[in-house]
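Structure, as structure tokens:
Every number here is computed from the coordinates shown, using simple stated rules; none is lab data. Bear in mind that the values here come from a model prediction, so they are computed numbers and not experimental data. Every residue, glycine as well, gets a Cβ built from its backbone with ideal geometry; the counts of neighbours run over all protein chains shown.
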Amino acid sequence: MNVPEISVNELANKLLNGAFLIDVRELDEWLTERVPEVPLIPLGEITDRLKEFPKEREVFIICRSGARSATACQFLRSNDVNAINVAGGTLAWIASGEAVVSGPS
């Protein structure tokens, strides 16, 4: 399945307008560095937490580099969620100079 992608620059603009972003990394990675205010749903929990993903709007998915989020997007899209992968993931977000936070929320 071909998964649509968005750049971190495009994502930053969409977040200003209330875009829905989910991080699918593991808790220890999420605690280290993440996009501010992004909730965590680890990849291994997506099946059980599918109802937390809205079907009426775009859902942007981020991980470390874009691989796990692409896998998540494939699953979500097969379940009628308009999931869009963040190209380059959190590494690209950090490299772009966008704000990051760490520690518990």
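Some observations on this one:
- Qualifying residues in segment 30-69 (those that are in a helix (DSSP H, G or I) and in contact (Cβ under 8 Å) with a residue 40 or more places away in the chain) - the one surrounded by the fewest Cβ atoms within 10 Å (Cβ to Cβ): T32
- The listed residues are I84, I94, and the only one of them that is under 20 Å from V8 (Cβ atoms) and either out of contact with any strand residue (DSSP E or B) (no Cβ under 9 Å at 6 or more places or on another chain) or acidic (D, E) (or both) turns out to be I94.
- Test for W93: is it in a helix (DSSP H, G or I), in contact with a Lys or Arg (Cβ under 9 Å, 6 or more places away or on another chain) and crowded, with 17+ Cβ neighbours inside 10 Å: yes
- Looking only at segment 1-29, residues that are in a loop (DSSP other than H, G, I, E, B) and crowded, with 17+ Cβ neighbours inside 10 Å come to 4 in all.
- Selection of segment 1-28 for residues being without any contact (Cβ under 8 Å) to a residue 60 or more places away in the chain and of a type outside the set (A, V, I, L, M) yields N2, E10, N13, K14, N17, G18, F20, E26, D28.
- Residues in segment 43-83 that are within 11 Å of the chain's Cα centre (by Cα) and at positive phi: 1 in all.
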